[in-house]
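Read the structure below first, then the notes.
Quick note: the coordinates plus some simple rules give every number you see, no bench work behind them. The structure displayed is predicted, hence computed values, not measured ones. Because the Cβ atoms are built from the backbone with ideal geometry, glycine has one as well, and the counts that use them run over all protein chains shown.
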Amino acid sequence: MTRSWLVALLSGSLFGAGLALGGMVDPARVRGFLDIFGDWDPTLAFVMGGAVIVMAIAWRIQARMAQPLIGTTFALPDRTDLTPRLIGGAALFGTGWGIAGLCPGPGFAALVIEPAKAAVFVMAMLAGMLIFRLMDPSHKALQE
């Protein structure tokens, strides 16, 4: 196992554990956060706040690094990455997240906690990804 695979495995495990600990694998908790005029649940705000703090520290550390610990160059977003396609995809993602109460990370983490319920979401998500790959004319696999 190479070093990058180990880092990916550890990072994914830490992310999944954080989602489970924060209660983000419970769709009712996520929908409770989105219900600002009803029985509002602020848990997701604290999870997001914690993520923002960690990311702010990571940006400060990255700015002082000449190169990444794993890889040859940093792949950082810039303003040219903000396209109508990205905004549309984010809106579609947010709509699905609000309806299902899950997004990909918590969906996979929920497979461990509530496999039957999460499996429906994960299968639908994977089907959507496959349909997109088949229909997207700019997808690299279709150009070969």
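Counting alpha carbon pairs within less than 8 Å and at least 6 residues apart, what relative contact order, in whole percent, applies to the chain?
27 percent
At 222 nm, what helix-only mean residue ellipticity would the chain give, in deg cm²/dmol to the nearest 500, using -39500 (n - 2.57) for each DSSP H run of four or more? Don't skip to the answer; put the middle values down first.
Values: 7 runs with 100 residues, N = 144.
Taken over the chain, the calculation gives -22500 deg cm²/dmol.
Treat every Asp and Glu Cβ in the stretch 3-143 as -1 and every Lys and Arg Cβ as +1, leave all other atoms uncharged, and give the resulting dipole magnitude about the Cα centre to the nearest 20 debye. Mind dumping the intermediate values first?
Details: 10 positive and 8 negative charges, 99 e Å.
So the dipole magnitude of the stretch 3-143 works out to roughly 480 debye.
Okay, which of the stretch 11-44 sit inside 20 Å, backbone N to the point 7 Å along the Cα-Cβ direction of residue 70?
Within reach of a label on residue 70: 11-19.
Picking from 109, 80, 123, whose Cα lies most toward the positive end of the charge dipole for the stretch 35-144 (charges on Cβ: Lys, Arg +1; Asp, Glu -1)?
Going by the Cα projections, it comes out as 80.
Which translational diffusion coefficient, to the nearest whole µm²/s, is obtained for the chain from the Stokes-Einstein equation, given a Kirkwood hydrodynamic radius over C-alpha pairs, 4 °C and 1.567 mPa s? Numbers along the way, then the final one.
Values: Rh = 17.9 Å.
Reported coefficient: 72 µm²/s.
Calculate, for residue 123 and residue 59, the FRET efficiency according to 1/(1 + (r/R0)^6) with r their C-beta to C-beta distance and R0 41 Å; round to the nearest 0.05. Before the final figure, lay out each step's value.
Values: r = 36 Å, r/R0 = 0.87.
Once rounded, the FRET efficiency stands at 0.70.
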